[in-house]
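What follows draws every value from the coordinates through simple rules; no lab data is involved. Every value quoted in this text rests on a predicted model; they were computed, and no experiment measured them.
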Amino acid sequence: MATLRNPESSARGVAFGLSARMLAVGSINNNGNASGTGGSTYVWDIAAKKVTAALTDPGSEGVYYVAFAPGGTTLAAADSNGSAYLRKIASHTS
């Protein structure tokens, strides 16, 4: 059994990537929003037990759901204020 701890705060939604070597974790953290809370999605390399990307969602108050598209290169993250963000995992861009 492996334990992966989010760098900043609590884990909410999780999703395995296509190869099951990646894990995306939605979280609530303080990413500089006026409310003092925010949301980020962390992408983990499971074998290395290392975060390979920290994707902050603008205006988010917590990422609750994450899912990989069928091809495995796009990640969707949905937050508590009704927004969804699509990210290209290969380049870590919106």
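For the range 22-27, the Karplus equation 6.51 cos²θ - 1.76 cosθ + 1.60, evaluated at θ = phi - 60°, returns couplings of 10, 9, 9, 10, x, 8 Hz by residue, with Gly and Pro reported as x.
For the range 44-85, just say rounded, prolate or oblate: build the C-alpha gyration tensor, square-root its eigenvalues into a ≥ b ≥ c, call rounded for a/c under 1.5, and beyond that prolate if a/b exceeds b/c, oblate if not.
Details: a/c = 2.63, a/b = 1.53, b/c = 1.72.
Oblate is the answer for the range 44-85, as a/c is 1.5 or above yet b/c matches or exceeds a/b.
For the range 11-88, what's the relative contact order in percent, using C-alpha pairs closer than 8 Å and at least 6 residues apart? If you can, show how the numbers build up before the last one.
On the way: 198 pairs, mean separation 20.2, N = 78.
Dividing the mean separation by the residue count of the range 11-88 yields 26 percent.
Less than 5 angstrom separates the built amide H of Gly39 from those of Asn29, Asn31, Asp57, Ser60, Gly62, all sequence-distant by 5 or more or on a different chain.
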